[in-house]
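Participant: Sharing a structure here in structure tokens format.
Readers should treat all values here as calculations from the given coordinates under stated rules, not as data from a laboratory. What you are looking at is a predicted structure, and each value in this text was computed from that prediction instead of being measured. Counting neighbours? That spans all protein chains shown, and the Cβs are built from the backbone with ideal geometry, glycine included.
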Amino acid sequence: MREVPTEEIPALLLRMIPESAEPIAELYDRPAERAVVTEDAWTRLYRLLADCFTTPVLMPQLESGRPDAELLTRCWDFVERVVDHSSELVGGAVHFEVLEQLLNAEGLVEAAWPCMKDRTRARTLEMLDSYNVRLRGINRR
């Protein structure tokens, strides 16, 4: 899979997760389609992921008793596309604003795990190990 150029990640988010359009428009005070092609969108990737993806879209689904399986699949497909990015900006944003957020409440990693793809699972395992977090069925037998 070809690495997505850093400046194209905001537009990729909007394409793959149209549910992020409203938070993007609110954050940048302009239509989402225009906002994602601005330099502000990719240079402030941490904020974009936190305020327009993780908090309003991903976490409510993971915390829901009846998550939208198709939406969760698209969310983790997006993360899979960018999780191993060569840019420290992108890698850091994904680590801190997506994966690390799974540690904020009990059961979020377990809820996310079935939808994660291989590279995202590998990064999640690295994160869990670095924080010495052991979860049955994931990194603890």
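Participant: With respect to Leu62, determine if the residue is surrounded by 15 or more Cβ atoms within 10 Å (Cβ to Cβ), within 13 Å of the chain's Cα centre (by Cα), more than 17 Å from Leu13 (Cα to Cα) and among the hydrophobic types (A, V, I, L, M, F, W, C).
Facilitator: yes
Participant: Can you find a residue in segment 90-99 that is part of a helix (DSSP H, G or I) and farther than 18 Å from Leu128 by Cα?
Facilitator: Yes, the conditions are met somewhere in segment 90-99.
Participant: Next up: Which one is farthest from Arg81 (Cα to Cα), of the residues in segment 23-37 that are without any contact (Cβ under 8 Å) to a residue 24 or more places away in the chain and not basic (Lys, Arg)?
Facilitator: Asp29
Participant: Would you tally the residues in segment 3-35 being closer than 18 Å to Arg74 by Cα and outside any helix (DSSP H, G or I)?
Facilitator: Count: 3.
Participant: Report, by residue number, each residue of segment 85-124 that is farther than 20 Å from Thr55 by Cβ and either surrounded by fewer than 15 Cβ atoms within 10 Å (Cβ to Cβ) or among the acidic types (Asp, Glu) (or both).
Facilitator: Correct list: Ser86, Glu88, Pro114, Lys117, Asp118, Ala122.
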